[in-house]
1. Within region 190-203, is there a residue that is in contact with a His (Cβ under 8 Å, 6 or more places away or on another chain), touching a residue at least 24 places away in the same chain (Cβ under 8 Å), more than 30 Å from GLU241 (Cβ to Cβ) and small (Gly, Ala, Ser)?
2. Need pairs with beta-carbon distance below 7 Å; first residue farther than 16 Å from THR44 by Cα and within region 54-80, second assigned to a helix (DSSP H, G or I); sequence gap 6+ or separate chains.
3. Yes or no: GLU51 modelled with pLDDT of 95 or more and not assigned by TED's automatic domain parsing to the domain that holds LYS248?
4. Any idea which residue in region 239-259 is surrounded by the fewest Cβ atoms within 10 Å (Cβ to Cβ), counting only those that are aliphatic (A, V, I, L, M) and closer than 16 Å to ASN109 by Cβ?
5. Here is a check on your reading of the model: is LYS94 among the basic types (Lys, Arg) and in contact (Cβ under 8 Å) with a residue 40 or more places away in the chain?
6. Inspect region 192-204 for any residue being buried (at least 16 other Cβ atoms within 10 Å of the Cβ) and either closer than 16 Å to SER146 by Cα or over 30 Å from the mean Cα position of the chain (by Cα) (or both) and give the result as yes or no.
7. Name, by its number, the condition in (1) more than 17 Å from ILE212 (Cβ to Cβ); (2) over 24 Å from the mean Cα position of the chain (by Cα); (3) not basic (Lys, Arg) that does not hold for LEU154.
8. Can you find even one residue in region 53-69 that is over 30 Å from ASP184 (Cα atoms) and loosely packed, with under 11 Cβ neighbours inside 10 Å?
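The values are calculated or read from the model by the stated rules, or taken from the named source; none is laboratory data. Fair warning: this is a prediction, and the values are worked out from it, not measured in the lab. Neighbour counts run over all protein chains shown; Cβ positions are idealised from the backbone, glycine included.
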Amino acid sequence: MKKIIKISLVAAMMATSAMASDILATVDGKNITRQDAQLFVRATAPGTNFEQLTPEQKKMITDRLVERVLFIKAAKKEGIENTPEYKENLEKLKDELLVSLWMKVQMDNAIVSDSEAKEFYEANKAKFKKPATVHARHILVTDEESAKQVIDQLKTLKGEALKTKFIELAKSKSTGPTGPKGGDLGEFAKGQMVPEFDAAVFKLKEGEITMIPVKTQFGYHVIFLEKSNPESVVPYEQVKERIIQTLKQKQFQTKLAEVAKELKSKAKISYADQPAASDKSETKK
């Protein structure tokens, strides 16, 4: 029995500790939690996660939420809740929330099977093409003569020896920010680099360097093409969830249009600029 009580106390302490760690600030007894902050961030910057923000950004969000609590208290103290304008807008907000939650239910009820998603993928593969890309390195210098000197040190080398020497020279001579990383630019597609660089790199074959310095607005480049990746189709599994969401959205829109049509057919609707539907028959001769 004592053991059970002890375990219960430890569990309670852990739960209290977990809840306490969720509290960002307390204003006159009201707690502001991480969940509050996440909702605020989601509303102001969709797709942003509060936990991924910098300490300064988190502090700024917390300060805004503290101010919000204080503003709410000030508004209540001034009797804003009792004004006709507040009550009128509150009813409008209730209606908006009602419709929003109803639509969420309709969306949640939309079901798309894996076979439907796969069928859409097979019929629309052109939409899931990944463009041709290259993985390249470069050495950036300020003048053409320096670029030519770099090329002279590399032009007789091939394979791993060329790559190793290129990385070495990039670290010691490149003035670009990628120099410490051996000039590594990572993988990129056409159009992502300045035109002169783009044109030069996509003419190279794997394991080749540019034998003439490439001049751009940044200086003179010597480029090494590490790997070339042809155009390809993104595998189904990588886009499956996106396809399902797209089809669910389409299904939802179709159902919404059907429901709207049905509800309109059963309702008595009149527009300010034309007679009501029920009045049209009465005006016919």
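1. Looking through region 190-203, none of the residues is in contact with a His (Cβ under 8 Å, 6 or more places away or on another chain), touching a residue at least 24 places away in the same chain (Cβ under 8 Å), more than 30 Å from GLU241 (Cβ to Cβ) and small (Gly, Ala, Ser).
2. Listed by first residue and then by second, the contacts come to ILE80/TYR86.
3. On the way: modelled with pLDDT of 95 or more: no; not assigned by TED's automatic domain parsing to the domain that holds LYS248: yes.
Considered against the rule, which asks whether it is modelled with pLDDT of 95 or more and not assigned by TED's automatic domain parsing to the domain that holds LYS248, GLU51 comes out as no.
4. We begin by selecting, within region 239-259, every residue aliphatic (A, V, I, L, M); these are 239, 243-244, 247, 256-257, 259.
Remaining after also requiring closer than 16 Å to ASN109 by Cβ: 244, 247, 256-257, 259.
Working: ILE244: 18, LEU247: 18, LEU256: 13, ALA257: 10, VAL259: 12.
The qualifying residue surrounded by the fewest Cβ atoms within 10 Å (Cβ to Cβ) is ALA257.
5. Values: among the basic types (Lys, Arg): yes; in contact (Cβ under 8 Å) with a residue 40 or more places away in the chain: no.
Here the answer is no, as LYS94 does not meet what is asked.
6. Yes; the residues of region 192-204 include at least one that is buried (at least 16 other Cβ atoms within 10 Å of the Cβ) and either closer than 16 Å to SER146 by Cα or over 30 Å from the mean Cα position of the chain (by Cα) (or both).
7. Among (1) more than 17 Å from ILE212 (Cβ to Cβ); (2) over 24 Å from the mean Cα position of the chain (by Cα); (3) not basic (Lys, Arg), the lone unmet condition for LEU154 is (1).
8. So the first thing to find is which residues in region 53-69 are over 30 Å from ASP184 (Cα atoms), and the list is 55-69.
Subset that is loosely packed, with under 11 Cβ neighbours inside 10 Å: 55-56.
Checking region 53-69: at least one residue is over 30 Å from ASP184 (Cα atoms) and loosely packed, with under 11 Cβ neighbours inside 10 Å.
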